[in-house]
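Colleague: Have a look at this one before I ask anything.
Derivation of every value follows stated rules applied to the coordinates shown; laboratory data play no part. This structure is a prediction, so every number in the text was calculated from the model and none was measured. Every residue, glycine as well, gets a Cβ built from its backbone with ideal geometry; the counts of neighbours run over all protein chains shown.
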Amino acid sequence: MARKTTKPKSKPCPPCNGTGEVSRPVRVGRKQRVAGAQTGICLGCLGSGEIPADD
């Protein structure tokens with residue numbers, strides 16, 4: 001009987017916790033007060049949410 005091969009499960013990306021988005025505080029004014037947060041694509045996984053394979 002032939003063995004089934006399973007694809008190794010990928011781990012979630014640590015900076016974005018698998019969501020693909022990260023948030024950064026937005027600072028405004030001369031005293032650089034935090035006015036809110038802006039979300040953007042995670043540069044660690046480029047939005048996929050998984051740790052990229054080592055090549």
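Colleague: If packing is taken as the average count of other Cβ atoms within 10 Å, what order do 26-35, 11-20 fall into, highest mean first? Let's see the in-between values first.
Modeller: Numbers: 26-35: 8.9, 11-20: 14.6.
Descending mean neighbour count gives 11-20, 26-35.
Colleague: Gain in length, Ser23 to Leu43, computed as 0.36 nm per residue apart minus the alpha-carbon separation, to one decimal in nm?
Modeller: Extra length from Ser23 to Leu43 when fully extended: 6.0 nm.
Colleague: Sticking with the crude label model, points 7 Å out along Cα→Cβ, report the distance from Glu50 to Ala35 in nm, one decimal please.
Modeller: For Glu50 paired with Ala35, the spin-label model returns 3.9 nm.
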